[in-house]
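Visitor: So that we are looking at the same thing, I have put the structure below in structure tokens.
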Amino acid sequence: MPETATAAPVPAQEITPQQAPEPKRAKGRSLWSDAWHDLRRNPLFLISAVLILVLLVMVAFPGLFTSASPQDGNLTAHYQGDPNYTHFFGADWFGYDGQGRSVWARMVYGARASVLVGVLVTLFVTVLGGLVGLIAGYFGGWLDSVLSRITDIFQGIPFLLGSMVVLTTFAERKIWIVIAALLFLGWTQIARVARGAVITVKQSDYVHAARSLGAGTARIMFRHIVPNALAPVIVVATTALGGYIAAEATLSYLGIGLSEPTISWGVDVSSGKDALRTAPHVLISPAVMVSLTVLAFIMLGDAVRNALDPKSR
């Protein structure tokens, strides 16, 4: 029987199943990215951020808001002239003071000294109080006891009263003198908050792991503890900034803080108190600016606190 030729088997093609696209992994977000995500959707933060942004632009570029000079006055033509609220950004928008100077121009240029005092005091207070709290909370023991008692002593002194006592010892009170006086008694709250945060973070597992792997004290403190203990310090510092601006205005109003020829809101409030009945706008206008600035920073602090507090989400 003849053999029938059989076709060679065709090798089956390797069928590769269509690979389904891997689902994108959700990136883990840190506390700060979560906080920024919440802040962008918080109306309280947006309003305060806009107010603070306008204030910072006014501090940096006062010429964008007025062309009038805050020092030049005309006693014959503009002695305590009434405000003209229809002249937006004009020299007479908020009237003139007792020396014929534009109240609006002085409000614009006075923002620089008031905000500078608040920002620098907050910066120095945060650094000094943060270092004291970091050292006390991390090392503990007798060092914590000594630093805590020193903090208690300074915190027991009334803030404004102590600042007044310090400032009265200087014959000439420049901006740096006022900053030093507010710093002298203003660091205690930051120190307490930083100490508590450091003690909490120090008990975390990643800190123990870093210590067991041989990480040094400086690396543990500034790479692991400080970034994770910074949130409550930032919240307190943001809220306190407005308080320092109000403290400068209060001291200047009492004649103990900044004085002429320095231009600040507190100085203008102090000079306007004598004409409160005849020209109330001279005092009310810079006082409103102080209130709006303090309110903006308090609103910002509340928004940051809510965003950085995991329990509020």
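The values are calculated or read from the model by the stated rules, or taken from the named source; none is laboratory data. On a predicted model such as this, the values are computed, not experimentally measured, just so you know. Cβ atoms come from the backbone with ideal geometry, glycine included; neighbour counts cover every protein chain shown. Just the protein is used for accessible areas: all its heavy atoms, side chains included, with ligands, DNA and RNA removed. Shrake-Rupley method; radii C 1.70, N 1.55, O 1.52, S 1.80 Å.
Visitor: State which residue pairs qualify: first residue of a type in the set (Ser, Thr, Tyr) and inside the stretch 185-206, second residue in a helix (DSSP H, G or I) and open to solvent by less than 60 Å² (accessible area, probe 1.4 Å) in any location, beta carbons under 6 Å apart, and separation of 6 or more residues or different chains.
Guide: Thr188/Thr151; Thr188/Phe154
Visitor: Tell me, please, whether a residue that is assigned to a helix (DSSP H, G or I), open to solvent by less than 10 Å² (accessible area, probe 1.4 Å), of a type in the set (Gly, Ala, Ser) and on the phi < 0 side of the Ramachandran plot can be found in the stretch 253-263.
Guide: Within the stretch 253-263, none of the residues are assigned to a helix (DSSP H, G or I), open to solvent by less than 10 Å² (accessible area, probe 1.4 Å), of a type in the set (Gly, Ala, Ser) and on the phi < 0 side of the Ramachandran plot.
Visitor: Also, I was wondering about something else. (1) free of Cβ contacts under 8 Å to residues at least 40 places away in the same chain; (2) assigned to a loop (DSSP other than H, G, I, E, B): which one isn't true of Pro70, the others all being true?
Guide: For Pro70, the exception is condition (1).
Visitor: Out of curiosity, is Val146 open to solvent by less than 60 Å² (accessible area, probe 1.4 Å) and either of a type outside the set (Lys, Arg) or under 30 Å from Ala296 (Cα atoms) (or both)?
Guide: It is false that Val146 is open to solvent by less than 60 Å² (accessible area, probe 1.4 Å) and either of a type outside the set (Lys, Arg) or under 30 Å from Ala296 (Cα atoms) (or both).
Visitor: I've got another one for you. Those residues that are open to solvent by 70 Å² or more (accessible area, probe 1.4 Å) and more than 18 Å from Gln189 (Cα to Cα), I need them from the stretch 128-143; list them, please.
Guide: Selection gives Phe139, Trp142.
Visitor: Yes or no: the stretch 240-249 includes at least one residue that is open to solvent by less than 10 Å² (accessible area, probe 1.4 Å), under 27 Å from Val166 (Cα atoms), outside any helix (DSSP H, G or I) and not aromatic (Phe, Trp, Tyr). Quick ask: steps written out before the conclusion?
Guide: Step one: filter the stretch 240-249 for residues open to solvent by less than 10 Å² (accessible area, probe 1.4 Å), giving 242, 245, 247-248.
Then drop every residue that is not under 27 Å from Val166 (Cα atoms), which leaves 242, 245, 247-248.
Then keep just the ones that are outside any helix (DSSP H, G or I); that gives none.
So far as the stretch 240-249 goes, no, none of its residues is open to solvent by less than 10 Å² (accessible area, probe 1.4 Å), under 27 Å from Val166 (Cα atoms), outside any helix (DSSP H, G or I) and not aromatic (Phe, Trp, Tyr).
Visitor: Right, next: Considering only the stretch 118-153, how many residues are in contact with a Ser or Thr (Cβ under 8 Å, 6 or more places away or on another chain) and either outside any helix (DSSP H, G or I) or of a type in the set (A, V, I, L, M) (or both)?
Guide: Of the residues in that region, 2 qualify.
Visitor: Here's a follow-up. Being under 24 Å from the mean Cα position of the chain (by Cα) and farther than 30 Å from Pro280 by Cβ is true for just one of Asp144, Asp38, Asp152. Which residue is that? I'd like the intermediate steps shown before the answer.
Guide: Details: Asp144 fails: under 24 Å from the mean Cα position of the chain (by Cα); Asp152 fails: under 24 Å from the mean Cα position of the chain (by Cα).
Selected residue: Asp38, the only one of Asp144, Asp38, Asp152 that is under 24 Å from the mean Cα position of the chain (by Cα) and farther than 30 Å from Pro280 by Cβ.
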